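Rule-based calculations on the coordinates, nothing more; no lab input. The structure displayed is predicted, hence computed values, not measured ones. Cβ: placed from backbone, ideal geometry, glycine included. Neighbour counts: every protein chain shown.
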Amino acid sequence: CMDRFRILSADKATILLDIGSKLSKIGFIGENSPRVICYTPSALFSLDTFVEDKPINTQIALASALSDDKSVERRLEDFLQQIFYRELMVNSKDKAVFVCENISLPRKFYELVAKVLFTKFLVAKIFFVPALSLPLYLTGLQTGIVVECGFVCTQIAPFYEGFPLTRALKNVRASGAALTEKLRELLVEDNPDKKPSFFLQRLLDEIEAKYITVPTRRQIDEYMKDEATIQEMRAKVYEYHSSGKAVKVRLNIRP
């Protein structure tokens, strides 16, 4: 699997497609970064379906649990058409496409992806590559442990000779979604005049990008050296303006 990826990666006309639960990354193999990073249509993934007593890999629910194949297929076609013709500005006909496959998602979803690419965009061939194996490719290794911090969950996967050991795959709840929910709770506390529905995902993403950082150990020691310093830091309030409305963002330090 990895050897095939190495051989075809020299072809810059080959399209690389990574459809994530929150963001999708699309570009050409051989380039240093994606050409397009955009939000994945909410119609493809429902991230609000969280069931506490079920394994976390079942919490990534496709819209309507993929019961309405035609609806998901139509949404997927519209999404890829926007990407290929308006963002990449490329004709996908007779091209090879590599699809980064999340091994926690139902196989049926990727069968729909293949169907749309073959029938609607007339691609020549499709290769499915385990998304978690690509960091190993960048290091030149085929055996190792990969940790991916995603939006829905953090995945820890061992690989041997380019193949994932799926029985040893671990999913952890620490993720971007958990961070987003905690941020929403703090913002609701600091902005009692605004309802939780005001803090939409894109607004939270903007605030995360602007204000959330990982402090160094020296900074943590400086900020938390005594109770007076902690209270002084937490008393600082910033204002973020969105759509003509101000959102209060209070400094919150966590070791």
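Taking amide H as placed 1.01 Å from N in the peptide plane, residue 40 has its amide H under 5 Å from the amide H of 23, 24, each at least 5 places away in sequence or on another chain. Pairs spanning more than 23 Å between alpha-carbon atoms, out of 22/93; 25/245; 22/248; 93/115; 195/245; 95/170: 22/93; 25/245; 22/248; 95/170.
The residue list 172, 199, 211 was ranked by how far each Cα lies along the charge dipole of the stretch 165-255 toward its positive end, using unit charges on Cβ atoms, and 172 comes out on top. In this structure the amide hydrogen of residue 146, modeled in the peptide plane, comes within under 5 Å of the amide hydrogens of 157, 159, none closer than 5 places in sequence on its chain. Near the amide H of residue 98, within less than 5 Å, lie the amide hydrogens of 15, 16, 17, 127, all on another chain or at least 5 residues away, with H placed in the peptide plane. At the listed q of 0.18, 0.27 Å⁻¹, the Debye profile of the stretch 127-182, built from one uniform point per Cα, gives log10 I(q)/I(0) equal to -0.61, -1.02.
Relative to the Cα centre, the charge distribution of the stretch 122-237, modelled as +1 at Lys and Arg Cβ and -1 at Asp and Glu Cβ, gives a dipole magnitude of about 420 debye. Our coupling estimate for the stretch 201-214, obtained by passing each phi through the Karplus curve with A = 6.51, B = -1.76, C = 1.60 and θ = phi - 60°, is 4, 5, 5, 5, 4, 5, 5, 4, 5, 8, 10, 7, 9, 9 Hz, Gly and Pro reported as x.
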